Amino acid sequence: MYFANRSDAGCQLAAKIVPKYRYENCAVIAMSDGGVMVAAEIATRLHCVLTMLLTEEVKLPGEHDPLAVVDQDGKFTYNNMFSTGQLEAFTGEYHNYIEQEKREKFHSINQLLGSGGLIRRDLLHGNNVILVSDGLKNALSLDAAAAFLKPIKIEKLIIATPIASVPAVDRMHLIADEIVCLSVIENYMNTNHYYENNKLPSHEKIIKTIETVVLNWK
């Protein structure tokens, strides 16, 4: 399945989500800059807050799949695609490298937070939280989001994404109360591949989208 752009994908997701949750207490969390462009269409129609959870992937030399992600609290979430034995081997062999990557990725997140986008937990408490991605090749960002949300008392967790791989969907079933996925892709390519226009605004404009979403309520 292909989309004209991320806003188009967001409109299609909103058509499935809004009728059910239009009069419920909701909060929308985007999981990336691209996710914001999708999530904005949902938030404007639900008349609810939009925010973003910032994460950065940590990859080891020569490894295609990320080892873990770091979130804006500094929490480190390992990729559950790796076995316990593999993770023990990696963390033993690459201990110093991993620690350096942790610091650098956390620093990178803090630089972005200087431009805004910090997620507020008080806006999530007691709400139906809609976690939005522009595409999920793996479930690592979902695990990071689930770990972030664990201490917060929310009503329901809804995961919404235009496209996702089979492993990501399998993981969603374990994490979410509800899933809204427009297309499950067996051989998932780069997320940009599924958008005819895949250009993203600058991070500053993305933050502006979050800050002004209330003005665009439909």
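The values are calculated or read from the model by the stated rules, or taken from the named source; none is laboratory data. Since we're looking at a predicted model, the values are computed, not measured. Because the Cβ atoms are built from the backbone with ideal geometry, glycine has one as well, and the counts that use them run over all protein chains shown. All accessible areas refer to the heavy atoms of the entire protein, side chains included, with ligands and DNA or RNA removed. Shrake-Rupley method; radii C 1.70, N 1.55, O 1.52, S 1.80 Å.
Details
- Close pairs from region 2-18: first of a type in the set (S, T, N, Q), partner open to solvent by 50 Å² or more (accessible area, probe 1.4 Å), Cβ under 8 Å, at least 6 apart: Asn5/Glu196; Asn5/Asn197; Asn5/Asn198
- Failed condition for His173, given (1) part of a helix (DSSP H, G or I); (2) surrounded by 16 or more Cβ atoms within 10 Å (Cβ to Cβ): (2)
- Qualifying position, being free of Cβ contacts under 8 Å to residues at least 24 places away in the same chain and within 27 Å of Ala160 (Cα to Cα), among His107, His64, His47: His64
- Meets criteria (β-branched (Val, Ile, Thr), under 30 Å from Thr212 (Cβ atoms) and in a helix (DSSP H, G or I)) for Ile109: yes
- Residue tally, condition open to solvent by less than 60 Å² (accessible area, probe 1.4 Å) and in contact (Cβ under 8 Å) with a residue 40 or more places away in the chain, over region 78-98: 2
- Residues that are surrounded by 13 or more Cβ atoms within 10 Å (Cβ to Cβ) and over 17 Å from Ala27 (Cα atoms) within region 176-192 comprise Cys181, Leu182, Ser183, Val184, Ile185, Tyr188, Thr191, Asn192, listed in sequence order.
- Matching residues in region 178-198 - criterion: being over 16 Å from the mean Cα position of the chain (by Cα) and of a type outside the set (A, V, I, L, M): Ser183, Glu186, Asn187, Tyr188, His193, Tyr194, Tyr195, Glu196, Asn197, Asn198
- Restricting region 1-58 to residues that are among the hydroxyl-bearing types (Ser, Thr, Tyr) and surrounded by fewer than 17 Cβ atoms within 10 Å (Cβ to Cβ), the residue that is farthest from the chain's Cα centre (by Cα): Tyr23
- From the list Pro151, Pro167, the one residue that fits, being surrounded by fewer than 20 Cβ atoms within 10 Å (Cβ to Cβ) and assigned to a helix (DSSP H, G or I), is Pro167.
- Candidates Leu174, Leu136, Leu182 - the one that is out of contact with any Asp or Glu (no Cβ under 9 Å at 6 or more places or on another chain) and more than 26 Å from Asp73 (Cα to Cα): Leu182
- Subset of region 193-218 [touching a Gly at 6+ places or on another chain (Cβ under 9 Å), open to solvent by 60 Å² or more (accessible area, probe 1.4 Å) and farther than 15 Å from Asp8 by Cα]: Glu204, Lys208, Glu211
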